[in-house]
1. How many residues, within the stretch 151-173, are surrounded by 17 or more Cβ atoms within 10 Å (Cβ to Cβ) and either among the aromatic types (Phe, Trp, Tyr) or outside the structural domain of Phe113 (by TED's automatic domain parsing) (or both)?
2. Take the residues in the stretch 56-72 that are polar (S, T, N, Q) and crowded, with 18+ Cβ neighbours inside 10 Å, then tell me which one is farthest from Asn94 (Cα to Cα).
3. Test Gly53 against the criterion of being more than 20 Å from Ser138 (Cα to Cα), surrounded by 15 or more Cβ atoms within 10 Å (Cβ to Cβ) and not acidic (Asp, Glu), and give yes or no.
4. What strands (runs of 3 or more DSSP E) completely inside the stretch 174-260 contain at least 1 residues that are surrounded by 17 or more Cβ atoms within 10 Å (Cβ to Cβ), modelled with pLDDT of 95 or more and among the basic types (Lys, Arg)?
5. Which residues, counting only those in the stretch 98-109, are of a type in the set (S, T, N, Q) and touching a residue at least 12 places away in the same chain (Cβ under 8 Å)?
6. Quickly run through the stretch 13-44 and pick out the residues that are touching a residue at least 60 places away in the same chain (Cβ under 8 Å) and either surrounded by fewer than 15 Cβ atoms within 10 Å (Cβ to Cβ) or in a helix (DSSP H, G or I) (or both).
7. State whether the residues of the stretch 44-53 include one that is touching a Cys at 6+ places or on another chain (Cβ under 8 Å) and within 20 Å of Lys69 (Cα to Cα).
8. Pull out all pairs, ordered by first then second residue, where Cβ-Cβ is under 7 Å, the residues are six or more apart or on different chains, the first lies in the stretch 169-192 and is on the phi < 0 side of the Ramachandran plot, and the second is assigned to a helix (DSSP H, G or I) and of a type in the set (Ser, Thr, Tyr).
Amino acid sequence: MEKFVTKIIDMMKEEKLFASQGGPIILSQIENEYNTVQLAYKNLGVSYIQWAGNMALGLNTGVPWVMCKQKDAPGSVINTCNGRHCGDTFTGPNKPNKPSLWTENWTAQFRVFGDPPSQRSAEDTAFSVARWFSKNGSLVNYYMYHGGTNFDRTAASFVTTRYYDEAPLDEYGLQREPKWGHLKDLHRALNLCKKALLWGKPNVQKLSADVEARFYEQPGTKVCAAFLASNNSKEAETVKFRGQEYYLPARSISILPDCKNVVYNTMTVIPNLLHVSIDNCLKLIIGAAPKTD
């Protein structure tokens, strides 16, 4: 394993692919969800993780290393979360100087032959991402954001040829609505909160039995962003935050980039309509839907 990893890292260094060399790679990963089988190897499993992490660090890539779902990631290796609701299930980094990283936010579920189609709503995906960043999350990586095709023998055991076609972009690269558009709008809303998330002091305020406000504010400035979150999965609710009333649909999060105005709610989907025409099955044209009277 060490020979293989070293060979791959050396090839990347030769092409100057790491961010420390001016390249695009900002993170490296060693192992994947080993924690799920580690107990079967008892002390040898613990020793292996320590060895693998330290071996990776010794390769001096100049970028951070991560281990997915590995609570005892050694040294400066960052333990990360994989799942659907890491904002509520992740216990946090194993050291205070490590960021909270979500390496796999499952937009659906890969299928093996015989499985029914896997669906995850745009609203649930958006809720999970907003929840994560409201609780001091630093990164979300979608798995998958773009579906694909397992050609020939490239698929894992019994995995179907079509892979994650329910992702925001399907295996042909076409937008799957409403998931693609709803997440695009979410990313825009989060971008409006960037100064508060980076510079602000985190605060939590209970607004009702099922609603809380998580907000980031830089004292002495106007920098402030708030996330109003309802955990009531059945009923909508109107709450008061900083003297103003806000309506929250059931199990949703509203984003206020200035702690005043709602620009996005995870349950409110704005249609992103596309008009697609195919000419003799050879030419594909994608454009905005024509207006109707």
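1. Residues that pass the stated criteria total 2.
2. Looking at the filtered set, the residue picked out is Thr61.
3. Yes; evaluated as a whole, the condition is true for this residue.
4. Those strands (runs of 3 or more DSSP E) span 211-217.
5. Ser100, Thr103, Asn105, Thr107
6. Scanning the stretch 13-44 gives no hits.
7. No: the stretch 44-53 contains no residue that is touching a Cys at 6+ places or on another chain (Cβ under 8 Å) and within 20 Å of Lys69 (Cα to Cα).
8. Note: pairs meeting the criteria are Lys179/Thr125; Leu183/Thr125.
The values are calculated or read from the model by the stated rules, or taken from the named source; none is laboratory data. This is a predicted model, so every value here is computed, not measured. Every residue, glycine among them, receives a Cβ derived from its backbone with ideal geometry; neighbour counts consider all protein chains shown.
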